[in-house]
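Enquirer: Just dropping this structure here.
What follows is calculated from the coordinates using simple rules that are stated; it is not laboratory data. Treat the numbers as computed from the prediction; the structure is a model and nothing was measured. Neighbour counts are summed over all protein chains in view; Cβ atoms, including those assigned to glycine, are modelled from backbone coordinates with ideal geometry.
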Amino acid sequence: MVGREQHVRPGRRASCSGSDPVAPERFGWVFGCLGLLAVAVLAGPAPADPVRLAYLDPGSGSFLIQALVALVAGIAVALRTYWEKVKSLLGLSRGAGGGSGGDTPGDDG
Amino acid sequence: MADVLGGSFRDPAGFVYRHAGVVYRQVNDVGSPDYQALMDSGLYAELVKAALLIRHEEVPAPADAAPDHAKTLRPEAVEFISYPYEWCFGQLRDAALATLEIQRRALARGLSLKDANAYNIQFHRGKPVLIDTLSFERYREGEPWVAYRQFCQHFLAPLALMHYRDVRLGEWSRLHLDGIPLDLAAELLPMRAWLRLSLWMNLKLHARSQRRHAGGAAPASATRVSKTGLGNILASLEAGVRKLRFEPGGSEWSDYDAEGSYGDGGLEEKKAVVARWLGEMAPHRVWDLGANTGDFSRIACEAGARVVAFDVDPGAVERNYRRVREAGETALLPLRIDLCNPSPAQGFAHRERASLVERAGPDCVLALALVHHLAISNNLPLERIAEFLALLSPRLVIEFVPKGDPRVETLLATRPDIFPEYRREGFERAFSVYFEIEEAAALPGSERRLYRMLRRAHRA
């Protein structure tokens, strides 16, 4: 399980906070990715045009992406809240590993 | 009207100027409703109480106020204006988190940040504080965060590059004054960065969206984001920022000033002499050049000075900043500066960001265990070093580390000795051109000497 988690999240550094990530983060992450994948596929490939430098246009691209970020981060928050409820119903404590560094909703771990 | 400050011309809501040495902010008519909303909503009081926004008071309009003048504000003075390219990783990260916290509180009170510019954050009494009182606008339901792009460019992209690639990339902010272009960051970050959802969305997909929609206006229906959605975006950005870290390892000078450089009692004597001289001079403002993690800067703080502690090593500055935060120190600002290439005047017409020398104003400079790095590692003639230090400050406490000292021998080990002037007499001769040597003290157990100098009147 530990090995698998490291496989899923190789971006984590030794220098990061040492706590074990809680399950709902992983859960939210996977679902978030699925959602994003769907949206990314729908959106199609970006035009490979190196001449049109992104920073020439400050507005529309940055505005449009926000709806997507809001949606995906919202899904992650909802899944996490849901998972916490399920856990508390099952009487699982959230003592070990929870809390540290992941104190914000939408935390993708 | 007095001297309008260089970087203050982009926002039509108002501008900043200096009059008789005091900084004022004018609110124009067009910016007045948003300013009033900030004050009436309770957001101003809340943010000032939380030390997230600079305190100000409204003062009478100047006699020569322009017709569109609405209000004149006198903000609390910030001791030293620093720039993101002079901050260590932890300072940029704390500034990012402060910006997100301000936006979260603003939304809760029906306002929103209209810019998320890192230059609007300054370190005031040890903490990151928003200094631009006119950065707020009234929130309009359904509108995306207009400063989202700026936040990603000014904070998220450089922090991610420093975390995943190299902490020295923080200096890149000096090249890109409006933040690191997201397509550039996306190109340089490694694949594993994209395993973090928030970085993938807010940097990579964001850059892609910018490229895809460059030049075209987005239809309002496609950009609608609810207030809850904005909260989710802030949470996603915060999650991204919080996961980014920098641990200063065994970097260049981390153990530099350990006892080893001095013989028996040498370091204690050095501390005692510096403390005595600072006590006698009682400077209000001290710059500690080559401060390392700030041991001597703190001696200056104890003498009652407000201190800016400069070092070239990002790890040393990071450690120093952590000491400041952990101890809640309010009189010490650590910054990263390469004295051989200090921050230049930058931006439009060279007037948006001031050079280091333009921002100088210390009563006293400390240059301890520094001169051999400048003179030998960087081939700078002693007289040029003296000239530069005289440009910064009328008073100087400087340590001369002669040949024969283990540190200098290390520097000379791999190169021919082309420094015949680099000895005590040559040092005193070069510095006497610009300074009068008031006092000198030998340090026991080594050949090092401390000097207390006063700038010659005609060199001021």
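Enquirer: Which aspartates and glutamates have a Cα lying under 18 Å from the Cα of B:Lys403, excluding residues fewer than 8 positions away in the same chain?
Expert: B:Asp257, B:Glu383, B:Asp417, B:Glu421, B:Glu425, B:Glu428, B:Glu447
Enquirer: Taking the Cβ of B:Val307 as the centre, find all other residues whose Cβ is under 13 Å away and add up their charges (Lys, Arg: +1; Asp, Glu: -1). All intermediate terms of the calculation are to be shown ahead of the outcome.
Expert: On the way: positive: B:Arg125, B:Arg285, B:Arg298, B:Arg306, B:Arg323; negative: B:Glu79, B:Asp288, B:Asp295, B:Glu302, B:Asp311, B:Glu329, B:Asp363.
Result for the neighbourhood of B:Val307: -2.
Enquirer: Just checking the output field for A:72-79: average partner chain Cβ neighbours within 10 Å of each residue's Cβ? Could the numbers behind the result be given before it?
Expert: Values: counts 8, 13, 8, 1, 6, 5, 1, 0.
Per residue, the average neighbour count from other chains is 5.
Enquirer: If you take the square roots of the eigenvalues of the alpha-carbon gyration tensor of segment B:84-242 and sort them as a ≥ b ≥ c, do you get rounded (a/c under 1.5), prolate (a/b over b/c) or oblate? Mind dumping the intermediate values first?
Expert: Numbers: a/c = 1.69, a/b = 1.11, b/c = 1.53.
Here segment B:84-242 falls in the oblate category.
Enquirer: How many percent of DSSP beta bridges within segment B:287-392 run antiparallel, rounded to 5?
Expert: Approximately 10 percent, going by the DSSP bridge assignments.
Enquirer: Which whole number of Å³ per residue matches the convex hull of the alpha-carbon atoms in chain B?
Expert: Measuring per residue, one finds 166 Å³ for the Cα hull of chain B.
Enquirer: Which residues does a label at B:Val59 reach in segment B:117-147, if reach means a backbone N under 19 Å from a point 7 Å past the Cα toward the Cβ?
Expert: B:131-134
Enquirer: Which whole number gives the average count of other chain Cβ atoms within 10 Å of the Cβ atoms across peptide B:218-228? Write down the numbers at each step before the final one.
Expert: Values: counts 8, 3, 1, 0, 4, 8, 4, 7, 3, 1, 3.
Taking all residues of B:218-228 together, the mean is 4.
Enquirer: Okay, moving on. Which loop trypsin sites (Lys or Arg not before Pro) in segment B:264-358, with loop taken from DSSP, have no more than 16 other Cβ atoms within 10 angstrom of their Cβ? Don't skip to the end; give the middle numbers.
Expert: Working: sites: B:Lys270, B:Lys271, B:Arg276, B:Arg285, B:Arg298, B:Arg306, B:Arg319, B:Arg322, B:Arg323, B:Arg325, B:Arg336, B:Arg351, B:Arg353; in loops: B:Arg351.
The qualifying sites are B:Arg351.
Enquirer: What's the magnitude of the charge dipole for segment B:84-242 around its Cα centre, counting Lys and Arg as +1 and Asp and Glu as -1 at the beta-carbon? Answer in Debye, nearest 20.
Expert: Details: 22 positive and 14 negative charges, 82 e Å.
Here segment B:84-242 has a charge dipole of around 400 debye.
Enquirer: Mind scanning B:Lys71/B:Lys114; B:Lys49/B:Lys270; A:Lys85/B:Lys49 and naming the pairs with a C-alpha gap bigger than 29 Å? Before the final figure, lay out each step's value.
Expert: Numbers: B:Lys71/B:Lys114 20 Å; B:Lys49/B:Lys270 41 Å; A:Lys85/B:Lys49 35 Å.
Beyond 29 Å between Cα atoms: B:Lys49/B:Lys270; A:Lys85/B:Lys49.
Enquirer: What size of dipole, in debye to the nearest 20, comes out for segment B:281-344 about its Cα centre when the only charges are +1 on Lys and Arg C-beta atoms and -1 on Asp and Glu C-beta atoms?
Expert: Working: 8 positive and 9 negative charges, 37 e Å.
Once rounded to the nearest 20, the dipole reads 180 debye.
Enquirer: Quick one: work out the % antiparallel among DSSP beta bridges in chain B, nearest 5. Before the final figure, lay out the partial values.
Expert: Working: 37 of 56 bridges.
Antiparallel bridges: around 65 percent, rounded to the nearest 5.
Enquirer: Same structure again: For B:Lys204, go through the lysines and keep the ones whose alpha-carbon is under 18 Å away, minus same-chain ones fewer than eight residues off.
Expert: Straight-distance partners of B:Lys204: B:Lys243.
Enquirer: Given charges of +1 on the Cβ of Lys and Arg and -1 on the Cβ of Asp and Glu, with all other atoms neutral, how large is the dipole of chain B about its Cα centre, in debye to the nearest 20? Please list the in-between numbers first.
Expert: Working: 59 positive and 60 negative charges, 300 e Å.
The calculated dipole for chain B is roughly 1440 debye.
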